[in-house]
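First comes the structure, then the notes that go with it.
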Amino acid sequence: MASSQILKVAFIAVLIVSMLMGGGRVGAKITCEQVTIWLTPCIGYGVMGGPVPVSCCQGIRALNAASNTTEDRQAQCNCVKEGAAKIPGLDYDRVNTLPG
């Protein structure tokens, strides 16, 4: 049962990466591909809970460090919203605890 959940999360991660490849915003240095790469380790936590992976925290830190301009932050936000909407079973309350 757990392996089917892991496969589901892996499939969703691959799906999101493939949908967002090259989907950067005009004028922003942050691309949806980068956002996806940095935040993919957080998907399992967002869907199933459990401990937050260290790689998820590292990705959040890297994304925040790379978002230096208003355009970057807007691109980051749009990519996160678009990607999150495509993840079945994502618990938004749980995901909103990640910045902490």
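The values are calculated or read from the model by the stated rules, or taken from the named source; none is laboratory data. All figures in this text were calculated on a predicted structure; none of them were measured in a lab. Quick reminder, even Gly has a Cβ in these numbers, built from the backbone with ideal geometry, and neighbours come from all protein chains shown. The area values use the complete protein model at the heavy-atom level, side chains included, leaving out ligands, DNA and RNA. Shrake-Rupley method; radii C 1.70, N 1.55, O 1.52, S 1.80 Å.
A few remarks follow.
- Verdict on S67 being closer than 21 Å to G100 by Cβ, open to solvent by less than 20 Å² (accessible area, probe 1.4 Å) and hydroxyl-bearing (S, T, Y): yes
- Those residues of segment 9-43 which are at pLDDT 90 or above, open to solvent by 20 Å² or more (accessible area, probe 1.4 Å) and within 20 Å of Y92 (Cβ to Cβ), in sequence order: W38, L39, T40, P41
- Annotation: of all residues in segment 75-96 being in a helix (DSSP H, G or I) and among the polar types (S, T, N, Q), the one that is most open to solvent (accessible area, probe 1.4 Å) is N78.
- G46 being touching a Ser or Thr at 6+ places or on another chain (Cβ under 8 Å), open to solvent by less than 20 Å² (accessible area, probe 1.4 Å), part of a helix (DSSP H, G or I) and without any contact (Cβ under 8 Å) to a residue 60 or more places away in the chain: no
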